[in-house]
């Protein structure tokens, strides 16, 4: 199951173009799960390039979640690989461009939760299990996940029922108070009219 968590990646690249001047770029991107971000920079031949990248922790003061990792590739204009970081939290690279042209940095982020987060290929290798046993493990985890979801929905249903009961009780109390107020106003109006007509009748007599 692919998530929709927003991941922030900070990329700092220092590009030294020849020996005349230096250019520094600090870039920050928000990536959704399953998204790929590519950045290109025109670099001259024999130019030295140094860069570093890191995943920014969305919850300061807590460890970075294991799911917050990226895959980073740095490729030359002809497709040669200058750097490759697979499933990493941070890294750095340095290279001297062999040819002039746009150097591309590609960042990939894939966030998974629940049963989908497990690496089932590694489970099969480590446990030396047969295909049927592997499928049974997947099925068991799926059933456990559904079971937990049912308990969660049941708790939510109980909370909603309690909220409905509380709301109904408050509405009944409010309706009763409204009825009392209406009856009181009607009684006062009746008493006022009765007194008015009695006084008028007495004055006419």
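For this structure, a couple of remarks:
- Residue satisfying condition, being at pLDDT below 70 and over 27 Å from the mean Cα position of the chain (by Cα), within set 114, 127: 127
- Taking the criterion of being touching a residue at least 60 places away in the same chain (Cβ under 8 Å), under 14 Å from residue 38 (Cβ atoms) and within 27 Å of the chain's Cα centre (by Cα), the only residue of the range 61-104 that qualifies is 70.
- Which numbered condition residue 134 fails, given (1) at pLDDT 90 or above; (2) under 30 Å from residue 35 (Cβ atoms): (1)
- If the condition is being assigned to a loop (DSSP other than H, G, I, E, B) and in contact (Cβ under 8 Å) with a residue 60 or more places away in the chain, then the range 26-46 contributes 33, 34, 35.
- Test for residue 49: is it within 21 Å of the chain's Cα centre (by Cα), modelled with pLDDT of 80 or more, crowded, with 16+ Cβ neighbours inside 10 Å and part of a strand (DSSP E or B): no
- Among the residues of the range 75-95, the ones that are farther than 15 Å from residue 54 by Cβ and assigned to a strand (DSSP E or B) come to 7 in all.
The values are calculated or read from the model by the stated rules, or taken from the named source; none is laboratory data. This is a predicted model, so every value here is computed, not measured. Using ideal geometry, Cβ is built from the backbone for each residue, glycine included, and neighbour counts are taken over all protein chains shown.
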